[in-house]
Amino acid sequence: MGLADMDLPGPPAVAAALERRARHRAYGYTVCDLAGRTLVADWYRARHGAEVDPDWVLLLPCGPRTALRVLLETVRPQAPVLFPTPEWGGFAQLCRAAGLPYRELPLLRGPGGYRLPPGPLPRPAGAVLLTNPHNPSGTVWPADAVRGLAASAAEGGALLVSDEVHGDLTHPDAAQPDATRPGAAHPVAVSVADPAHRHLVVTLNSVGKTFNCSGIPSSFALVPDPALRTRFAEALAGYGLWEGGLLEQTVQQAALREGGPWLDALLAHLAAARTLLTDRLGPAVRSAPRASYLLWLDAAALGLPPANARRALLERCGLEASDGAEFGPGGRGSLRLNYALPGPVLATVLERLERL
């Protein structure tokens, strides 16, 4: 339960597409299928009601982490990179690897869960990084908060990069402005940002988390600004990462064309699993998740020693979790659990939690 990866089988359509492609027996260089860009735009329109120009789309044969690292090297901000905490530890790791200064901003937490810091961002800021939905809490940052963050970043000339790899995993019972559109509660940063600020916004996404196929790294970037898009593509090519990819395009297209019904069933399963665990763990849940399959817990409320909670949970219950300290200063004393589990395994988890 300590990995952000589903312990569930992926879509049959993806498996079938890979089998068909493997039988072709020509595994040489590929070029980008430009129809894949339109496929991404159509997916955003159908699932999220978001208008995405196909020209904004870059189809990448690498995972979102690699894409973000190359993007940061492309813009090479001289001022600190800002991001909230608690937050996915990869942001800090990538900044250190790229030799970029960074600053972590504490998230606000109230009775309803976490909120993004209001008001102007600290200056100077070279870039602002965000996960939406939030990793580790599963919070979906609302459209007005994302729009405000994009505006605040743009006022200082900073790029907002929104990592939205869990965006398609918005739960069916999340508050939605349009109940007829699955996933409409997830605000896509490049879509909700004011048009005047859109040139300084990038969305990163992938079918990997949504369709449980991260073992074949791929991603897509939505980059509205043509000049930045060209620079980013050239930087990627410098690492031998050209648009397209043999297996990457096979997986992306099968998932986006045929994976919708499978995803709807998955989301119902995840929402049910979330409810079982949140009902059991009650006040230990720091913020009720509205998306993804991650549960963010207060170690002390579980009766675990905050400084050694991960080890204590493993020893008492035989359950592995992610240590909250990995998510920055705001994560100390917390644990992150992954509940994307088959029913029988989830039942075992609930049984073992009784040992607390």
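The values are calculated or read from the model by the stated rules, or taken from the named source; none is laboratory data. Treat the numbers as computed from the prediction; the structure is a model and nothing was measured. Quick reminder, even Gly has a Cβ in these numbers, built from the backbone with ideal geometry, and neighbours come from all protein chains shown. Ligands, DNA and RNA are stripped out before the accessible areas are found, and what is left, the full protein with its side chains, is counted by its heavy atoms. Shrake-Rupley method; radii C 1.70, N 1.55, O 1.52, S 1.80 Å.
Data overview
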item	result
Hey, Arg352 outside any helix (DSSP H, G or I) and not aliphatic (A, V, I, L, M) or not	no
Failed item, numbered, when Arg274 is tested on (1) basic (Lys, Arg); (2) surrounded by fewer than 22 Cβ atoms within 10 Å (Cβ to Cβ); (3) touching a residue at least 12 places away in the same chain (Cβ under 8 Å)	(2)
Options Ala145, Ala153, Ala185: the member that is out of contact with any Ser or Thr (no Cβ under 7 Å at 6 or more places or on another chain) and in contact (Cβ under 8 Å) with a residue 40 or more places away in the chain	Ala153
Of residues in the range 226-241 being open to solvent by 50 Å² or more (accessible area, probe 1.4 Å) and in contact with a helix residue (DSSP H, G or I) (Cβ under 7 Å, 6 or more places away or on another chain), the one farthest from Tyr293 (Cα to Cα)	Arg231
Matching entry among Ala26, Ala22, Ala46 (being of a type in the set (Gly, Ala, Ser), over 11 Å from Ala221 (Cα atoms) and in a loop (DSSP other than H, G, I, E, B))	Ala26
Residue in the range 85-105 that is farthest from Trp141 (Cα to Cα), counting only those that are assigned to a strand (DSSP E or B) and touching a helix residue (DSSP H, G or I) at 6+ places or on another chain (Cβ under 8 Å)	Tyr102
Within the range 31-57, tally of residues that are aliphatic (A, V, I, L, M) and open to solvent by less than 10 Å² (accessible area, probe 1.4 Å)	5
Filtered residue count, the range 204-224, keeping only those that are within 14 Å of Leu60 (Cα to Cα), touching a residue at least 60 places away in the same chain (Cβ under 8 Å) and open to solvent by less than 20 Å² (accessible area, probe 1.4 Å)	10
Pairs, first open to solvent by 10 Å² or more (accessible area, probe 1.4 Å) in the range 326-349, second assigned to a helix (DSSP H, G or I) and acidic (Asp, Glu), C-beta under 7 Å, six or more apart	none
All positions within the range 185-203 that are at pLDDT below 95 and open to solvent by 10 Å² or more (accessible area, probe 1.4 Å)	Ala185
